[in-house]
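Below is one structure, written out as structure tokens; the observations come after it.
The values are calculated or read from the model by the stated rules, or taken from the named source; none is laboratory data. If you're wondering where the values come from, they're calculated on a predicted model, not measured in any experiment. In this analysis, Cβ positions are derived from the backbone assuming ideal geometry, glycine residues included, and neighbour counts consider all displayed protein chains.
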């Protein structure tokens, strides 16, 4: 599971101006909250909206999970990443360092 | 290739597990043995054990409706997990020679193509498709599978033929027929049909380009670009820009090649696939690799889009927005709990 692997990155870089926003796409509130608590995730966790407020598929055109977008200080999307395999966080960390 | 086989393996496993409770009434020994295999499968903890089960089943009952699945399981567990493609090929090829049902031979054959390629055995993809075609028309997905496999194997004529077969089936009627249980709106149908068309046109363009019909190939690419869907970052949901960019590079249209390949290499789902060709195009334009990294980062800066703001609720019921993170580096991750 990918999200817990992001927690160390968040803790390491949050003081330098790094944020994580995780949006749960399927509105499975019960399982999502249980998962968040179980894994001690402390970054921002949001739930996808419905209808016009649906963000994941309509606005960001996400077709597969997990999909991640890395946004720079100017609000521009610099990287897209599909999936989250072991080892991906090393690559991600380099990209974060490059933008900080 | 790996990804496709992995998917198949998952389908195989789900299929095996889902079938567990089913009790066959007839005394068909192949079905009795299949039921036994399903229980044993769930107990089998190692790839070796799974390979042994599937191999044993195929040896005893080579030509049943389960042959394709058995072959996929062997290809995945023995060929990939245990890294013994030759051993997997030996088992699968013997079984395939005994499979009479064109449906099963097609399924097993498609799975075995990559394997055959890795042990350097030519496997005739056209015959597999033609045999099945003699029994019933191929579906859109089957034409696509054959075309994509043929592209991978460099069988351009077959790829062309089946891309056109797929294109012919990229119609609203056919789409609805393929999903009888889904109630699509006309708009959803239109979007999906265009996706199908774009994908078939992309594949056909690459086949035609390799067959030497450059003009028609370029028309196909342009048509696919016109109707195809793109990701949030503007990358087609097909390998269009990779194929088109490589074709443009070979034709000496270096600027266009750089544009197309940059999109794919900087913002695509699989950046590594396009990057070597982008480097090639860069060298063709600039004479050397010098400055390539700077080129990548300045192009990324120039092409990157601003992330759309949104408002959503957190789990305490507070409205939160992406704009709250303005001025920070933000990872926006979309997920769901499994």
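Could you figure out which of (1) under 30 Å from residue A:24 (Cα atoms); (2) surrounded by fewer than 17 Cβ atoms within 10 Å (Cβ to Cβ); (3) without any contact (Cβ under 8 Å) to a residue 60 or more places away in the chain isn't true of residue B:305?
Among (1) under 30 Å from residue A:24 (Cα atoms); (2) surrounded by fewer than 17 Cβ atoms within 10 Å (Cβ to Cβ); (3) without any contact (Cβ under 8 Å) to a residue 60 or more places away in the chain, residue B:305 violates only (3).
Every residue in region B:238-269 that is assigned to a loop (DSSP other than H, G, I, E, B) and within 22 Å of residue B:294 (Cβ to Cβ), please.
Start the filter on region B:238-269 by keeping residues that are assigned to a loop (DSSP other than H, G, I, E, B), which leaves B:238-239, B:251-253, B:268-269.
Passing the criteria: only B:268.
For residues that are outside any strand (DSSP E or B) and at the interface with chain A (Cβ under 8 Å from one of its Cβ atoms), scanning just region B:286-307, find the one that is farthest from residue A:2 (Cα to Cα).
Step one: filter region B:286-307 for residues outside any strand (DSSP E or B), giving B:286-305, B:307.
Next cut, at the interface with chain A (Cβ under 8 Å from one of its Cβ atoms) only: B:300-301, B:304-305, B:307.
Working: B:300: 26, B:301: 28, B:304: 25, B:305: 25, B:307: 22 Å.
Once the filter is applied, the top-ranked residue is B:301.
Evaluate the following for residue B:259: is it away from chain A (no Cβ under 12 Å), under 30 Å from residue B:331 (Cα atoms) and surrounded by 14 or more Cβ atoms within 10 Å (Cβ to Cβ)?
Numbers: away from chain A (no Cβ under 12 Å): yes; under 30 Å from residue B:331 (Cα atoms): yes; surrounded by 14 or more Cβ atoms within 10 Å (Cβ to Cβ): yes.
Yes; evaluated as a whole, the condition is true for this residue.
Residues B:182, B:192: which one is within 14 Å of another protein chain (Cβ to nearest Cβ) and either outside any helix (DSSP H, G or I) or surrounded by 14 or more Cβ atoms within 10 Å (Cβ to Cβ) (or both)? Working first, answer last.
Working: B:182 fails: within 14 Å of another protein chain (Cβ to nearest Cβ).
Unique residue meeting the criteria: B:192.
Taking region B:111-132, which residues are at pLDDT 80 or above and under 17 Å from the mean Cα position of the chain (by Cα)? Outline the logic, then answer.
Restricting attention to region B:111-132, the residues satisfying the condition of being at pLDDT 80 or above are B:112, B:125-132.
B:112, B:125, listed by residue number.
So which of B:234, B:245 is touching a helix residue (DSSP H, G or I) at 6+ places or on another chain (Cβ under 8 Å) and within 14 Å of chain A (Cβ to nearest Cβ)? Steps first, answer last, please.
Details: B:245 fails: within 14 Å of chain A (Cβ to nearest Cβ).
B:234 is the lone residue from the list that is touching a helix residue (DSSP H, G or I) at 6+ places or on another chain (Cβ under 8 Å) and within 14 Å of chain A (Cβ to nearest Cβ).
Given the residues B:175, B:211, B:201, B:167, which is the only one that is surrounded by fewer than 18 Cβ atoms within 10 Å (Cβ to Cβ) and more than 30 Å from residue B:332 (Cβ to Cβ)?
Values: B:175 fails: surrounded by fewer than 18 Cβ atoms within 10 Å (Cβ to Cβ); B:201 fails: surrounded by fewer than 18 Cβ atoms within 10 Å (Cβ to Cβ); B:167 fails: surrounded by fewer than 18 Cβ atoms within 10 Å (Cβ to Cβ).
Of B:175, B:211, B:201, B:167, the one residue that is surrounded by fewer than 18 Cβ atoms within 10 Å (Cβ to Cβ) and more than 30 Å from residue B:332 (Cβ to Cβ) is B:211.
Could you please give the count of residues in region B:218-236 that are surrounded by fewer than 24 Cβ atoms within 10 Å (Cβ to Cβ) and over 30 Å from residue A:69 (Cα atoms)?
So the count comes out to 2.
Select from region B:308-333 the residues that are in contact with a helix residue (DSSP H, G or I) (Cβ under 7 Å, 6 or more places away or on another chain) and more than 7 Å from every other protein chain (Cβ to nearest Cβ) and list them in ascending order.
Selection gives B:309 alone.
Do we have any residue at all in region B:214-231 that's within 30 Å of residue A:80 (Cβ to Cβ), at pLDDT 95 or above, under 18 Å from the mean Cα position of the chain (by Cα) and in a helix (DSSP H, G or I)?
Looking for residues that are within 30 Å of residue A:80 (Cβ to Cβ), at pLDDT 95 or above, under 18 Å from the mean Cα position of the chain (by Cα) and in a helix (DSSP H, G or I), one finds at least one in region B:214-231, hence yes.
Please work out if residue B:97 is modelled with pLDDT under 85 and buried (at least 17 other Cβ atoms within 10 Å of the Cβ).
On the way: modelled with pLDDT under 85: yes; buried (at least 17 other Cβ atoms within 10 Å of the Cβ): no.
Spelling it out, it is not the case that residue B:97 is modelled with pLDDT under 85 and buried (at least 17 other Cβ atoms within 10 Å of the Cβ).
Kindly indicate whether residue B:266 is within 22 Å of residue B:253 (Cβ to Cβ), within 11 Å of another protein chain (Cβ to nearest Cβ) and free of Cβ contacts under 8 Å to residues at least 40 places away in the same chain. Please lay out each step first, then the result.
Numbers: within 22 Å of residue B:253 (Cβ to Cβ): yes; within 11 Å of another protein chain (Cβ to nearest Cβ): yes; free of Cβ contacts under 8 Å to residues at least 40 places away in the same chain: yes.
Judged against the criteria, residue B:266 is a match.
State all residues of region B:31-73 that are surrounded by fewer than 18 Cβ atoms within 10 Å (Cβ to Cβ) and more than 29 Å from the chain's Cα centre (by Cα); if no residue qualifies, say none.
Across region B:31-73, the qualifying residues are B:32, B:33, B:35, B:36, B:39, B:40, B:43, B:56, B:59, B:60.
Test of understanding: among B:51, B:12, which residue is closer than 30 Å to residue B:147 by Cα, at pLDDT 90 or above and touching a helix residue (DSSP H, G or I) at 6+ places or on another chain (Cβ under 7 Å)?
Numbers: B:12 fails: at pLDDT 90 or above.
Unique residue meeting the criteria: B:51.
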